[in-house]
Amino acid sequence: MRVAIVENMPVTHHGLVGVALHEAAALIDVYKPWSGQPLPATVNANAMVVFGGEQSATDDHIHPYLPDLARLMADYTAMDRPVLGICLGSQLLARAFGSENHLGTAPEFGWVDVQLTDEGRADPVLSVLPEIFPIFQWHSDTFTLPEGAVHLATNPAARYQAFRIGRATYGTQFHFEASRAVVADWLRLFPEAADRMAPGWASRHDDLAATLGQKADAHGLALARAWVGLIR
């Protein structure tokens, strides 16, 4: 299988999604449109992953590739090629299907609980998780649910934590790719940004990583493997 991965900032960890893709012997094509590298004009892989970034899903004035990326996600979906959008990727996916992006209204940071909906408990991917599970979050924006999408997971801070469109297009507001190693590296690279989101969180990181982080790693890898299993 061949998978197109879109990175939206200079530091992008594939994390647990990368682990699952390598387990499946996937060939990876990486695109970095933030750097000026063009996106493919048409669908050219068996699946697509769009990771997070510092920008919002509507920052077309500073990242003019965003509308094209949203259209490409919709094109993959129309061809029944699995799509995975994480954080910014989920916000772009929602935009691609006509939803509204709400900026700065839903800040979350750290390992927090997310709960499956009834539809999530029956979903072929999300059902690998317990009904309530800790997972890593780092975002301020959210979105409305696309028309026809299946709402899979929620929490009080951001109602639409995960959704599915069609057979195999998924958006997750949470960073399930973020293993404990990834989170530690983010904290090392972006200490001021993390402290703005959650003052003092760094001092609690080690204890949280040993408890909630350990559980989140298992949940994230299970979720990644389940989504990769949809790729034909």
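Computed from the coordinates by the stated procedures, all read-outs in this text should not be read as laboratory data. Everything quoted here is computed from the prediction, not taken from an experiment. All Cβ positions, even for glycine, are placed from backbone atoms using ideal geometry, and neighbour counts span all protein chains on display.
When ranked by the protection proxy of mean other Cβ atoms within 10 Å per residue, highest first, what sequence do the peptides 197-204, 146-153 form?
Working: 197-204: 11.9, 146-153: 18.5.
For the peptides 197-204, 146-153, the packing ranking is 146-153, 197-204.
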>> Could you work out [θ]222 nm for the chain from helices alone, using -39500 (n - 2.57) per DSSP H run of at least four and dividing by all its residues? Round to the nearest 500 deg cm²/dmol.
In response: -9500 deg cm²/dmol
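If I stretch the segment between Glu54 and Val128 completely, what's the gain in nm (0.36 nm per residue apart, minus their alpha carbon distance), one decimal?
On the way: separation 74, 0.36 × 74 = 26.64 nm, distance 2.93 nm.
Taking 0.36 nm per residue and subtracting the Cα distance, the gain is 23.7 nm.
Rounded, prolate or oblate: which fits segment 57-122 when a ≥ b ≥ c are the square roots of the eigenvalues of the alpha-carbon gyration tensor, with rounded for a/c under 1.5 and prolate only if a/b beats b/c?
Details: a/c = 2.34, a/b = 1.19, b/c = 1.97.
Oblate shape, in that a/c is at least 1.5 and b/c is the bigger or equal ratio.
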> Going by how many other Cβ atoms sit within 10 Å of their own, how do Thr154, Thr77 line up, fewest first?
Replying inline: Thr154, Thr77
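Local charge sum around His13 (other residues, Cβ-Cβ under 11 Å, Lys/Arg +1, Asp/Glu -1)?
-3
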> With each pseudo-label sitting 7 Å past Cα toward Cβ, what's the Thr144-Ala193 distance in nm, one decimal?
Replying inline: 2.9
